[in-house]
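Student: First the structure, then my questions, so here it is.
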Amino acid sequence: MPSTQVIVVIAYHAQPGKGPAARAALAGIIANVQAKEPDCLGIKLLENTGDDTRFLLYETWTSQAAYVGPHLQTPHIKAFIEAAAGVFAGPPDISFWHELHPS
């Protein structure tokens, strides 16, 4: 049976001069999600090597439905989204991926 696991890639761009605040906000929400949401199988936070206002989250979830449904309705995600306007230059770019396994 094929896996329903999904990789969620989220690109954030902080407002000018707010790279450190964005990094802290992302680190905080990552810790919260990993502590409270069993459907989250892991999150990696990456920072662009030449621009400290650009970040990438590489997340593994049990399914896309778990991410777009219950995850986005949690109080901690709703609070993060509300506060994000003060730190980020706009909404993140979110894409969904699955790993290809050789036959």
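The values are calculated or read from the model by the stated rules, or taken from the named source; none is laboratory data. In this text the structure is predicted, and so the values were computed from the model without any measurement. As a convention, Cβ positions derive from the backbone with ideal geometry for all residues, glycine included, and neighbour counts pool all protein chains shown. When the accessible area is computed, the model is the full protein with side chains, heavy atoms only, and any ligands, DNA or RNA have been set aside. Shrake-Rupley method; radii C 1.70, N 1.55, O 1.52, S 1.80 Å.
Student: Using 0.36 nm per residue, how much length does the chain from residue 60 to residue 34 gain when fully extended, once their Cα-Cα distance is taken away?
Tutor: Gain on stretching residue 60 to residue 34: 8.3 nm.
Student: Further question: Treat every Asp and Glu Cβ in the chain as -1 and every Lys and Arg Cβ as +1, leave all other atoms uncharged, and give the resulting dipole magnitude about the Cα centre to the nearest 20 debye.
Tutor: Rounded to the nearest 20 debye, it is 180 debye.
Student: How fast does region 1-48 diffuse by Stokes-Einstein, in µm²/s, taking the Kirkwood radius from C-alpha pairs at 20 °C and 1.002 mPa s?
Tutor: 171
Student: Hey, another quick one. Mind checking the angle between helix 19-36 and the chain's longest principal axis? C-alpha axes, 0 to 90 degrees, to the nearest 10.
Tutor: So the helix axis and the longest Cα principal axis differ by about 30 degrees.
Student: Would you mind calculating the gained length between residue 4 and residue 97 on full extension (0.36 nm times residue separation, minus the Cα-Cα distance), in nm to one decimal?
Tutor: Answer, rounded to one decimal: 32.4 nm.
Student: Modelled label-to-label distance, residue 46 and residue 82, 7 Å Cα→beta-carbon offset: nm?
Tutor: The answer from the label model is 3.2 nm.
Student: Starting from the Cα of residue 68, step 7 Å along the direction of its Cβ; do the same at residue 89; then give the gap between the two resulting points in nm.
Tutor: 2.7
Student: What lysines could a cross-link reach from residue 36, if we take a straight Cα to Cα line under 24 Å and drop same-chain neighbours fewer than 8 places away?
Tutor: Output for residue 36: 44, 78.
Student: Could you give the accessible area per residue of the chain, probe 1.4 Å, as a whole number in Å²?
Tutor: So the chain comes to 62 Å² accessible per residue, rounded to a whole number.
Student: Give the label of the value calculated from the structure for Rg/Rh (Cα atoms, Kirkwood Rh), choosing from (i) 0.95; (ii) 1.04; (iii) 0.99.
Tutor: Evaluating Rg/Rh (Cα atoms, Kirkwood Rh) on these atoms matches (iii).
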